[in-house]
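Rule-based calculations on the coordinates, nothing more; no lab input. Everything numeric in this text was worked out from a predicted model, so none of it was measured. Heads up, the Cβs are rebuilt from the backbone with ideal geometry, glycines too, and the neighbour counts pull from every protein chain shown.
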Amino acid sequence: MQVVVCAKQIPDPATPYELEPDTHLLVRPTEQILDDTDRYGVEMGLQLAQASEGTVTLVSMGPAGNMQGIRQALAMGADKAVIVDDPSLRGSDALTTARVLAEVIKREGFDLVIAGTESTDGYSGVVPQMVAELLGVPALTYATAVTAGDGSVTIHRQTAAGYDIVEADLPAVVSVTAGVVEPRYPTFKGIMEAKKKPVETLSVSDLGLEPDIRQKVVSVEPAPERQAGEIVEDDGEAYLRIVELLEKVKVI
Amino acid sequence: MADLSFHTPDPKDFLDLRSELSDEERLLADTVRSFVEDKILPDVAEWYEAGTFPRELAKEMGQMGLFGMHLEGYGCAGTSNVAYGLACLELEAGDSGTRSFVSVQGSLAMFPIWKFGSEEQKQDWLPRMASGEVIGCFGLTEADAGSDPSSMRTRARRDGSDWIIDGSKMWITNGSIADVAIVWAKTDEGVRGFIVPTDSPGFTANTIHHKASLRASITSELVLDGVRVPDEFVLPGVASMRGPLSCLNEARFGIAWGVVGAARSCYETALEYAIERHQFGRPIASFQLTQAKLVEMMVKVNRAGLVALHLGRMKDEGRLTPHQISFGKMDNVRNALEVARIARSVLGANGITLEYPVIRHMANLETVYTYEGTNEIHTLVMGNAITGIQAFSP
C-alpha cells in the first residue's frame, strides 16, 4: 500500500511563539520540529505500510529550514519526503494549503493519505477534509483506530459518546487523533539513514499552481485573563450549587 | 570584522552549543531527551526511593540503538563519539543510574567483546546485547582493589580445555540483573577477560543494599566460586591491564558528557524555581546572592559542555588520549557536583525532596565523583602527564 502522510514542521511549542507585528504571521525559525500531531500520523502510516510491504511518502508545505522536522519523520522510517517551500505561500490559508498538498499527493500517487486532525500552530482543523475533496476521495476523520487492506479502510471515528465505525473504499484520506497509535522513537540507525533518503523541494510553479490566498489574519488579541473561579463554601447544601455549576458546563 | 549580535542568549544554552552540533546529532539528542521525558522522568523518583531499576526498559533502549551505539557492526548503531556523548548527557539529565545502565552495557560489557573478542564471540553476544535482550556487567573492582585494580585477587587457572575462576568482585553495576559478566582475572598469562554467563554454577550476584546514592541503579557483589568456563569464553585479544583500562576509558568519556546533563537538570530546576519562588515580596531570583548562584551554575554547565564537546570531536578525529579523558572526567564531575550543591541551596527545603530532581542528582554525583577513577586518580594521571613523574605507584 502506498501511504502518503501529511507532515508539518512547526516551531518548537516549548519556546514562546513570536508573531510578525505587521502581518501577524508566525515567525518560523530555521530549526522546526515535526508537529507532535504528525508523529501519530507517521507512526500509523508506517504500521500500515509495513504490514503491506508498502511505502510511506511525507508531503509537507512550509519553509523547509534545516529540515529537522522532516528528518525526524524520515528517521522514524518514512521512505521519502516532498516539501513545497515557496515565499508566495507565506500566510497561506487552509484551502490554499490543501490545494498544494493535494497537487503533490496526486503527483506522488497514493492508496491512503493520513494526516493529523489539525496542526498545533494553525489549528484550522479542516485541511484533511479539503484535501480529500480536492482529490475526490472519501474523508474519514478523527480516527482513534485504523485498519486497512483489501481495497478498503476502516476507522473508529471519535464521537462525544464513544466511536462510530466508518468504512470506505481506497483510495481515501484519514485524519488521526493523537493516541491512535504510540509513535516510535526514531532509531539511531534511522537517524543516520535519514540523511540519505530522498527529499524533494518544490516551488509552487513546479506544481503549476497559482496561490490564491483569500483569508488574512486582520488582528491578533491576547487571550483574556482567566477569571477567578467561584469558591463554594460547604454549608451543608454546597452540593446543590456544585450540581448547578456542573449542569451549566454540560458535563452532567 | 563581524559585528556583535545583540540577541540575549538562551538561558538554557547560553553559549549556543546546540549550533555546534550537526543536524543528525541534534536529532539524536532530541530523541534521547524525549525518551527520558516520557519513560524515565515520570517514575525515576519512585525507582530511586524503592532502590530499583526497571530492567524491562532495556528492550526499548535497545530498539532505539542506545547499547553500544558508537560501535560498528554486530547490530550496533555505529554513531560518532559525539553522538554517544550526547546520549549519555540526555540520559544523565534523567538520572545517573540510567546513564550508568547504558554505559555499563555499551562501554564496559559490549566494548571488550567488540575490541578483544573473537569473531564467534562477537557474533554470539553483541547483537543480543545491542538489542537489550542480554544484559551485561563488568567485573574488575574488588573490595580491596579499587584505585589499584592490578592488586586484584580473582584468579583463573587452566583445567584441561576449561578455565576455573575463583574470587569476588565488588560495586558491580547491573550485577544482579545481568545475564553475562565480563570478569577480569589474574592468570599465569597475565590479566585476562572472561565472558561468564551469570547462570554458571558457582556464580552468585548479591545486591548491595542501603545505598544512599545511585539508588535507581542495581549495584552488586559478584562471587565466583570455582566457576568453570570453556576456553572459547576467554577474550583472545588482550592479556594485560590494558584490557580493562581501555574499557574504562570509553566509560569515562561517557561520564564526562553525562554529568553535564545532571548539572543542566539541576541548574534549570534552580533557575525556574528562583524565578517562581517569592520571598520578601519578590522572586528570589531578584536577590544578588541568588543571581550569583544561578550564574555560577550556568557558567559551569556551559563550560563542562564545551569540554565534553571538545573531547568528543577529538575522539572522533582519533586524537584523544586517556589523559585528556581524565581532564573531562575529573573536572566535569566535580563541577557538576558543585552545581548540584548550589542548586540544592537555591531550592531551600524543597531541595531535599525527591519532588525535584536536585537532591537525587546531588547524591548520585557523589558516586560518580569516585567511580570510574576517583577525582584523585584522574588528578594524578594528569599530574603524571605534565611532570613525567608517576605519583601513585612507588
Revision key, fill the gap. For the protein assembly as shown, whose charge dipole is built from +1 on Lys and Arg Cβ atoms and -1 on Asp and Glu Cβ atoms, the candidate among B:PHE111, B:CYS76, A:VAL181 with its Cα farthest towards the positive end is B:PHE111
Review point. So, with +1 on the Cβ of K and R and -1 on the Cβ of D and E, and no other charges, what is the size of the charge dipole of segment B:289-394 about its Cα centre, to the nearest 20 debye?
Key: 180
Check your understanding: With the contact rule set at Cα under 8 Å and sequence spacing of 6 or more, what percent relative contact order holds for segment B:171-248?
Key -> 37
Review point. Using 1/(1 + (r/R0)^6) with R0 = 35 angstrom and r between the beta carbons of B:LEU21 and A:ILE252, what's the FRET efficiency to the nearest 0.05?
Key: 0.10
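When only C-alpha pairs under 8 Å and at least 6 residues apart count, what is the relative contact order of chain B, in percent?
Working: 740 pairs, mean separation 67.2, N = 394.
Computed over chain B, the figure is 17 percent.
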Exercise for review: Quick one: grab the alpha carbon gyration tensor of segment B:17-130, order the square roots of its eigenvalues as a ≥ b ≥ c, and give me rounded if a/c is under 1.5, else prolate or oblate depending on whether a/b is larger than b/c.
Suggested key: oblate
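Can you give the FRET efficiency for A:ASP169 and A:LYS80, using 1/(1 + (r/R0)^6), R0 = 41 Å, r = Cβ-Cβ distance, to the nearest 0.05?
According to the calculation, E is roughly 0.95.
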Study note, to complete from the structure: The size of the Cβ-based charge dipole (Lys, Arg +1; Asp, Glu -1) of chain A about the Cα centre, to the nearest 20 debye, is 900
Check your understanding: If the cut-off is 29 Å between C-alpha atoms, which lysines fall inside it for A:LYS216, apart from same-chain ones fewer than 8 positions away?
Key -> A:LYS8, A:LYS106
**Study point:** Reachable lysines, given that their alpha-carbon falls under 30 Å from the alpha-carbon of B:LYS186 and they are not under 8 places away in the same chain
**Key:** B:LYS115, B:LYS122, B:LYS169, B:LYS211, B:LYS329
Check your understanding: If each of A:ASP36 and B:ARG155 carries a label point 7 Å out from its Cα toward its Cβ, how far apart are those two points in nm?
Key -> 6.1
Revision key, fill the gap. Farthest towards the positive end of the dipole of chain B, among B:LEU245, B:THR379, B:THR198 and with Cβ unit charges of +1 on Lys and Arg and -1 on Asp and Glu, lies the Cα of B:THR379
Review point. Which residue, B:GLU60, B:GLU276, B:GLU366, tops the fluctuation ranking in a GNM of chain B built on C-alpha contacts under 10 Å?
Key: B:GLU276
Point to revise | Reference-scaled alpha-carbon Rg (2.2 N^0.38 Å with N residues) for segment A:134-207 | key: 1.48
Check your understanding: Taking only the alpha carbons of segment A:102-252, what extent do you get along each of the three principal axes, in Å, biggest first?
Key -> 69, 44, 39
**Study point:** C-alpha center-to-center spacing [segment A:190-215, segment A:1-72] in angstrom
**Key:** 12
Revision key, fill the gap. Mean Cβ-within-10 Å packing, highest first, puts peptides B:309-316, A:143-150 in the order B:309-316, A:143-150
Exercise for review: Please work out whether segment B:210-334 counts as rounded, prolate or oblate from its C-alpha gyration tensor, where a ≥ b ≥ c are the square roots of the eigenvalues and a/c under 1.5 means rounded, while otherwise a/b larger than b/c means prolate and anything else oblate?
Suggested key: oblate
Check your understanding: Dipole of the protein assembly as shown, Cα-centred, from +1 at each Lys and Arg C-beta and -1 at each Asp and Glu C-beta, to the nearest 20 debye?
Key -> 2000
Exercise for review: Could you check the simple spin-label distance between B:GLU376 and B:GLU317, using points 7 Å along Cα→Cβ, in nm with one decimal?
Suggested key: 3.6
Review point. Where Lys and Arg each count +1 and Asp and Glu each count -1, what net charge lies around B:PRO201 among other residues with Cβ under 15 Å from its Cβ?
Key: -4
Revision key, fill the gap. Zone reached by a paramagnetic label modelled 7 Å from A:SER52 Cα along Cα→Cβ, restricted to segment A:138-162 with backbone N below 18 Å, covers A:138-141, A:143-156
Review point. Which whole-number percentage describes the relative contact order of segment A:2-207, with Cα contacts under 8 Å and a sequence gap of 6 or more?
Key: 26
Point to revise | For B:26-35, mean number of other protein chain Cβ atoms within 10 Å | key: 5
Check your understanding: Between segment B:347-371 and segment B:1-69, how many Å separate their Cα centres?
Key -> 19
Exercise for review: Mind telling me which of A:THR37, A:THR97, A:THR159 comes out most flexible in a GNM of chain A, alpha-carbon contacts under 10 Å?
Suggested key: A:THR159
Point to revise | Distant-in-sequence amide H partners of A:LEU202 (H built 1.01 Å from N, under 5 Å) | key: A:ILE83, A:VAL84, A:ASP85
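State the Kirkwood hydrodynamic radius of segment B:154-291 in Å, one decimal place, computed from all pairs of distinct Cα atoms.
Details: mean 1/r = 0.0547 Å⁻¹.
Taking the inverse mean of 1/r over all distinct Cα pairs, segment B:154-291 comes out at 18.3 Å.
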Revision key, fill the gap. Any aspartates and glutamates whose Cα falls less than 17 Å from that of B:LYS12, other than same-chain ones fewer than 8 residues away, would be A:ASP12, A:GLU31, B:GLU20, B:ASP30, B:GLU37, B:GLU90, B:GLU92, B:GLU268, B:GLU272, B:GLU276, B:GLU296
Study note, to complete from the structure: Scalar couplings 3J(HN,Hα) for segment B:115-127 by Karplus 6.51 cos²θ - 1.76 cosθ + 1.60 (θ = phi - 60°), nearest whole Hz, x for Gly and Pro, are 8, 10, x, 7, 4, 5, 4, 4, 5, 6, 9, 4, x
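Quick check: from the Cα gyration tensor, does segment B:117-231 come out rounded (a/c under 1.5), prolate or oblate?
oblate
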Check your understanding: Tell me, what ³J(HN,Hα) does each residue in segment A:4-15 have, in order and in whole Hz, if you take phi through Karplus 6.51 cos²θ - 1.76 cosθ + 1.60 with θ = phi - 60° and put x for Gly and Pro?
Key -> 10, 10, 7, 9, 10, 8, 10, x, 4, x, 6, 9
Check your understanding: According to the Cα gyration tensor, what semi-axes, each the square root of 5 times an eigenvalue, does the equivalent ellipsoid of the protein assembly as shown have, listed from largest to smallest in whole Å?
Key -> 49, 31, 26
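Could I get the Rg over Rh figure for chain B? Both from C-alpha atoms, Rh via Kirkwood, rounded to two places.
Taking Rg over the Kirkwood Rh, I get 0.99.
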Review point. Along the charge dipole of the protein assembly as shown, Cβ charges K/R +1 and D/E -1, which of A:GLY122, A:LEU135, B:GLY388 sits furthest on the positive end?
Key: B:GLY388
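Taking R0 as 22 Å, what's the FRET efficiency between A:LEU19 and A:ARG214 from their Cβ-Cβ distance, rounded to 0.05?
Using R0 = 22 Å, I get an efficiency of 0.60.
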Point to revise | Most mobile of B:ARG157, B:ARG319, B:ARG55 in a GNM of chain B (Cα contacts under 10 Å) | key: B:ARG319
Check your understanding: Counting only DSSP beta bridges with both residues in segment A:2-207, what percent are antiparallel, rounded to the nearest 5?
Key -> 40
Review point. For segment B:299-364, what value does the Rg/Rh ratio take when both radii are computed over Cα atoms and Rh is the Kirkwood radius, given to two decimals?
Key: 1.13
Point to revise | Cα pair distances exceeding 31 angstrom across segment A:2-207, given as percent | key: 13
Review point. Out of residues 5 or more away from B:TRP163 or on other chains, whose amide H comes under 5 Å of its own, with H placed 1.01 Å from N in the peptide plane?
Key: B:VAL229, B:ASP231
